[in-house]
Amino acid sequence: MITANAQQKLQEYNKLCLHYNLVADSVYIYRQECDDLFSENYLRYIVAALISFDMGRMMGEGTRGKYDVNQGEFAARLLRKLQAISQHIGEISAVSILNCDIDTLTARIQAAYQILSEGGSNSLSATEKEFHVGATKIMHFINPNLFLIIDSNAARAFHREHSIPYKNTTQPGYTAALYTQCIKEARQEIIDYGSDNFQALEPATPVMRIFDKLSFITGNNA
């Protein structure tokens, strides 16, 4: 289980990944006071999180284009995407993994994922590549109590612990369907661990951020 030895994994993550924690915690604080998570105001915080969470290379050169929606670069592309996904996940931006029926939300989640991850001329990537990992990071910072981050470490963890058919490569074969499958497996692990006990591991941390830390260390140590 990804939740096995949870306290030790969290200690390891917090020791090795302070840079992620500092930015993520700041974003979560602003998120609580932001009245529109799909707006230009919150976009700036998502951008800061993406840069800190290792997505800067895919976002293009320079700082201005990443933050200024008037430059016609990453920020402009992201704002269009946020507006597009708001119709799918806007109503569930405050839903927790602990009190929802994932099966009823699967279509919404996958639709948002597809919009954010698509490649080609509509891609968020400056080189028009698919943006799968970035998609999960954007979704996570919109709702960190529902959406997981899935990168190569997390994919490795879910492959090993739940037989999710990711490959053990730098491009594990990310899809919207596998993403929602991982969310369902994470939810079951949290329930099996005990929802209150799981949240008590880090009471001030969003529940799926706790799971993100555990999956990162599980996959990194695999």
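Note on the chain: GNM, Cα springs under 10 Å; of 140, 162, 19, the largest mean-square fluctuation is that of 19. Phi angles of segment 150-159 translate, via the Karplus equation with coefficients 6.51, -1.76, 1.60 and θ = phi - 60°, into HN-Hα couplings of 10, 10, 5, 5, 5, 4, 5, 5, 5, 5 Hz per residue; Gly and Pro are given as x. If a spin label sat at a point 7 angstrom from the Cα of residue 25 along the line to its beta carbon, the backbone N atoms of segment 35-78 nearer than 20 Å would be those of 45-54.
Rounded, prolate or oblate for segment 6-220? Axes are the square roots of the Cα gyration tensor eigenvalues, ordered a ≥ b ≥ c, and the cut-off for rounded is a/c under 1.5. Since a/c stays below 1.5, the shape of segment 6-220 is classed as rounded. Each stretch of four or more DSSP H residues adds -39500 (n - 2.57); spread over every residue of the chain, this sum gives -19000 deg cm²/dmol at 222 nm. Measuring between their Cα centroids, segment 82-156 and segment 180-220 lie 17 Å from each other. For each pair in 9/129; 9/167; 66/129; 167/213; 66/137; 66/167, compute the distance between the two Cα atoms and list the pairs where it is over 27 Å. Exceeds cut-off: 9/129; 66/167. Largest mean-square fluctuation among 21, 70, 168, in a Gaussian network model of the chain whose springs join Cα atoms under 10 Å apart, belongs to 70. Here the Karplus relation 6.51 cos²θ - 1.76 cosθ + 1.60, evaluated at θ = phi - 60°, turns the backbone of segment 193-204 into coupling constants of 6, x, 4, 5, 5, 5, 4, 5, 4, 8, x, 8 Hz, with x for every Gly and Pro. Summary: within the chain, the longest segment free of trypsin sites (Lys or Arg not before Pro) located in DSSP loops with at most 16 other C-beta atoms within 10 Å is 1-128.
For segment 73-194, what does the alpha-carbon gyration tensor say about shape, rounded, prolate or oblate, given a ≥ b ≥ c as the root eigenvalues, a/c under 1.5 as rounded, and a/b over b/c as prolate? Oblate is the answer for segment 73-194, as a/c is 1.5 or above yet b/c matches or exceeds a/b. Multiplying the residue separation of residue 41 and residue 104 by 0.36 nm and subtracting their alpha-carbon distance yields 19.7 nm.
Every number here is computed from the coordinates shown, using simple stated rules; none is lab data. Here the structure is a predicted model, which means the values were calculated and not measured. As a convention, Cβ positions derive from the backbone with ideal geometry for all residues, glycine included, and neighbour counts pool all protein chains shown.
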